[in-house]
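Trainee: Handing you a structure now.
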Amino acid sequence: MLTRLKTKSERKLAKQICKVVLDHFEKQYSKELGDAWNTIRDILITPSCWQYAVLLNRFNYSFELERDLRLKGYHTLFQGSLPYYPKSMKCYLSKTPDRMPSERHQIGNLKKYYLLNAASLLPVLALELRDGEKVLDLCAAPGGKSIALLQCAYPGYLHCNEHDSLRLRWLRQTLESFIPQPLVNVIKVSELDGREMGDAQPEMFDKVLVDAPCSNDRNWLFSSDSQKAAWRISQRSNLPLLQIELLRSAIKALRPGGLLVYSTCTLSKAENQDVISEILNSYSNIMPVDIKEMARTCSQDFTFAPTGQECGLLVIPDKGKAWGPMYVAKLKKSWTT
């Protein structure tokens, strides 16, 4: 009986998968990722095995919540020793696909935790944020990475930019839900086209995060409108150009000596390694920063696919480590041009 019910629910789930997108991914990713694609695909099309990390909000810390997570068998992320891992950041993972309920947005009340894909903390940690630095989150909505940055350090200035007006509202609400008023005063939220930021604020920032618009593999697979999904797939080849333009703008906004981190939530080589190769080939003052050590330290929590780059990591969903996709690349702007 239980098996029959399970099969029925799996059939119901399978109906929700967008065949247009899955077929497209099958062709592309079986070539790019080889045998690993079979496991990745099985996890991506089965939301019941997805995992959710719990990022505690240091501005409304709950000892009881942390104790309860430990009692439920959750463990802290990065139990190894990352070169940069601030004590103020506390993120808990479950080995099972357990999901905490989301907290409701209440004006005047800060939330105690944020649910996220644990791999999305890698770009944040790669930035190595220090107190007092000027930081740009170029494509900031829905705000999870901005929230995570503020768990790491107190920036002197944090500029959160989001071009899409609907997503901008979401970003504002996220910040309001997690950040106390005094800190809100050092945060600027803008709605600029990210490609214009470099000209608007040249060499203004110590650190820049470009969490770029991309083929969001998890979401695209569950597109309810197959016509819209087909249009998305047809437009997919335009994304690398946008991503490169955003990176060019970010480089202009970055001061010499500053760090830039690029991230996406897609497996696509064209939007990941190829974009970064294009940038490295066209700038003499942009240097790759080796982040292989991060992969070594995180291997107990994440599975990585080879990228062929010392400065780039690709987290792929795996059994019991259903995190990602998440591509992270780290670059530095040198003093010489």
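The values are calculated or read from the model by the stated rules, or taken from the named source; none is laboratory data. Computed from a predicted model, the values in this text were never measured in an experiment. Virtual Cβ from ideal backbone geometry, glycine too; neighbours counted across all protein chains shown. Note: accessible area is taken over every heavy atom of the protein model, side chains too, but ligands, DNA and RNA are not part of it. Shrake-Rupley method; radii C 1.70, N 1.55, O 1.52, S 1.80 Å.
Trainee: Once you have the Cα-Cα distance between Leu166 and His105, take 0.36 nm times their residue separation minus that, and quote the gain in nm to one decimal.
Mentor: Details: separation 61, 0.36 × 61 = 21.96 nm, distance 1.68 nm.
Difference between extended and current length: 20.3 nm.
Trainee: Taking the alpha-carbon distance from Lys72 and a cut-off under 23 Å, which lysines remain once sequence neighbours fewer than 8 residues away in the same chain are dropped?
Mentor: Result set, ordered by chain and number: Lys87, Lys90, Lys95, Lys111, Lys112, Lys319, Lys321.
Trainee: Over the chain, average the accessible area per residue using a 1.4 Å probe and give it in Å², no decimals.
Mentor: Result: 47 Å² per residue.
Trainee: Taking springs between alpha-carbon atoms closer than 10 angstrom, which of Ala119, Ala140, Ala295 fluctuates most in the Gaussian network model of the chain?
Mentor: Highest fluctuation of the listed residues: Ala295.
Trainee: While we're here: Looking only at Trp170, Trp37, Trp231, which one moves most when the chain is put into a Gaussian network model with springs between Cα atoms under 10 Å?
Mentor: Result: Trp231 has the largest fluctuation of those listed.
Trainee: For the chain, set up a Gaussian network in which alpha carbons nearer than 10 Å are linked by springs, and say which option among Leu242, Leu150, Leu65 fluctuates the most.
Mentor: Result: Leu65 has the largest fluctuation of those listed.
Trainee: At 1.4 Å probe size, what's the solvent-accessible area of Asp225? Round to the nearest 10 Å².
Mentor: For Asp225, the solvent-accessible surface is approximately 80 Å².
Trainee: Show His24, His163, His75 ordered by accessible area, largest first, where the area counts protein heavy atoms only and the probe is 1.4 Å. Let's see the in-between values first.
Mentor: On the way: His24 55, His163 105, His75 30 Å².
Correct descending sequence by accessible area is His163, His24, His75.
Trainee: Let me ask something else about it. By accessible area of protein heavy atoms, probe 1.4 Å, what ranking do Tyr283, Tyr327 get, highest first? Each step should come with its number before you reach the end.
Mentor: Values: Tyr283 50, Tyr327 0 Å².
I get Tyr283, Tyr327, largest accessible area first.
Trainee: Suppose every K and R has +1 on its Cβ and every D and E has -1 on its Cβ; what is the size of the dipole of the chain about the Cα centre, in Debye to the nearest 20?
Mentor: So the magnitude is around 1100 debye.
Trainee: Taking the structure as given and computing percent of Cα pairs over 33 Å apart, which label from [x] 19; [y] 31; [z] 25 fits?
Mentor: After the calculation, the listed value that fits is [z].
Trainee: Using a/c under 1.5 as the rounded threshold, could you call region 164-323 rounded, prolate or oblate? The axes a ≥ b ≥ c are square roots of the C-alpha gyration tensor eigenvalues, and prolate needs a/b larger than b/c, oblate otherwise.
Mentor: Details: a/c = 1.28, a/b = 1.09, b/c = 1.17.
Note, shape of region 164-323 comes out rounded.
Trainee: Rounded to the nearest 20 debye, what is the charge dipole size of region 128-202 about its Cα centre when +1 sits on each Lys and Arg Cβ and -1 on each Asp and Glu Cβ?
Mentor: The dipole magnitude comes to about 180 debye.
Trainee: Another question, if that's okay. With each run of n ≥ 4 DSSP H residues scored as -39500 (n - 2.57), what mean residue ellipticity at 222 nm is computed for the chain after dividing by its residue count and rounding to the nearest 500 deg cm²/dmol?
Mentor: Working: 14 runs with 130 residues, N = 337.
Helices in the chain give a 222 nm mean residue ellipticity of -11000 deg cm²/dmol.
Trainee: Below 8 Å, C-alpha to C-alpha, sequence gap of six or more: please give me the relative contact order for the chain in percent.
Mentor: Details: 644 pairs, mean separation 64.4, N = 337.
Relative contact order for the chain comes out at 19 percent.
Trainee: Kindly report, to the nearest 10 Å², the accessible surface of Lys145 as traced by a 1.4 Å probe over protein heavy atoms only.
Mentor: So the heavy atoms of Lys145 present about 30 Å² to solvent.
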